[in-house]
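Data block below; observations after.
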Amino acid sequence: VQLQASGGGLVQPGGSLRLSCAASGSIFSINNMGWYRQAPGKQRELVASITSGGTKYYADSVKGRFTISRDNARNTVYLQMDRLKPEDAAVYYCKDVFGATMGLGSWGQGTLVTVSS
């Protein structure tokens, strides 16, 4: 399954963006889907994840501001980002958490989020 992240852009601090991750095939069988981000000079980090059963995880830095969701019928995972901060600026990627953890599969191009006034 190929994953393509989109929806990034330039937003002012305090603004919102909604990222989408479209899969080329069914994500129904992918248990745990995650959104990751990588800022310049920093390691890639898991921002949020959601299991097929709907269990969600959020990094402390985004808890209360970001919301992850998935639509298995549309083979899409979303990341609603509210009250954005400059430190949220990064390239955002979506990937299955198992593959990310085990170093399997590719990461794709990601989508760039810039938070600046």
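The values are calculated or read from the model by the stated rules, or taken from the named source; none is laboratory data. Bear in mind the structure is a predicted one, so any value in this text is a computation, not a measurement. Note that we place each Cβ from the backbone using ideal geometry, even for glycine, and neighbour counts take in every protein chain shown. Keep in mind that these areas ignore ligands, DNA and RNA; they rest on the heavy atoms of the full protein, side chains included. Shrake-Rupley method; radii C 1.70, N 1.55, O 1.52, S 1.80 Å.
Which of the residues that make up the range 86-97 are surrounded by 14 or more Cβ atoms within 10 Å (Cβ to Cβ) and either within 10 Å of the chain's Cα centre (by Cα) or not in a strand (DSSP E or B) (or both)?
ASP88, ALA89, VAL91, TYR92, TYR93, CYS94, LYS95, VAL97
Considering only the range 75-85, how many residues are modelled with pLDDT of 95 or more and part of a loop (DSSP other than H, G, I, E, B)?
Qualifying residue count for the region: 4.
Please find, among GLY25, GLY14, GLY34, the residue that is touching a residue at least 12 places away in the same chain (Cβ under 8 Å) and closer than 24 Å to SER117 by Cβ. Walk me through how you get there before you give the answer.
Numbers: GLY25 fails: closer than 24 Å to SER117 by Cβ; GLY34 fails: closer than 24 Å to SER117 by Cβ.
One residue alone meets the criteria, GLY14.
Out of ALA5, ALA23, ALA48, report the one residue that is under 18 Å from SER106 (Cα atoms), surrounded by 16 or more Cβ atoms within 10 Å (Cβ to Cβ), of a type outside the set (S, T, N, Q) and modelled with pLDDT of 95 or more.
None of the others qualify; the one that does is ALA5.
Which ones in the range 9-20 are over 15 Å from ASP71 (Cβ atoms) and crowded, with 17+ Cβ neighbours inside 10 Å?
Within the range 9-20, VAL11, LEU17 qualify.
Scan the range 62-74 for residues that are outside any strand (DSSP E or B), surrounded by 13 or more Cβ atoms within 10 Å (Cβ to Cβ) and within 14 Å of the chain's Cα centre (by Cα) and jot them down. Walk me through it before giving the result.
Narrowing the range 62-74 to residues outside any strand (DSSP E or B): 62-65, 72-74.
Filter again for surrounded by 13 or more Cβ atoms within 10 Å (Cβ to Cβ), leaving 62, 65, 72.
VAL62, ARG65 - these are the residues of the range 62-74 that are outside any strand (DSSP E or B), surrounded by 13 or more Cβ atoms within 10 Å (Cβ to Cβ) and within 14 Å of the chain's Cα centre (by Cα).
Within the range 34-45, restricting attention to residues that are within 16 Å of LEU19 (Cα to Cα) and not hydroxyl-bearing (Ser, Thr, Tyr), which residue is most open to solvent (accessible area, probe 1.4 Å)?
Taking the range 34-45 as the starting set, the residues that turn out to be within 16 Å of LEU19 (Cα to Cα) are 34-38.
From the residues that got through so far, the ones that are not hydroxyl-bearing (Ser, Thr, Tyr) too are 34-35, 37-38.
Details: GLY34: 1, TRP35: 0, ARG37: 15, GLN38: 62 Å².
It comes out as GLN38.
Of the residues in the range 30-45, how many are in a strand (DSSP E or B), of a type in the set (S, T, N, Q) and at pLDDT below 95?
1
Of these, VAL62, VAL91, which one is touching a helix residue (DSSP H, G or I) at 6+ places or on another chain (Cβ under 9 Å), among the β-branched types (Val, Ile, Thr) and under 24 Å from SER117 (Cα atoms)?
VAL62
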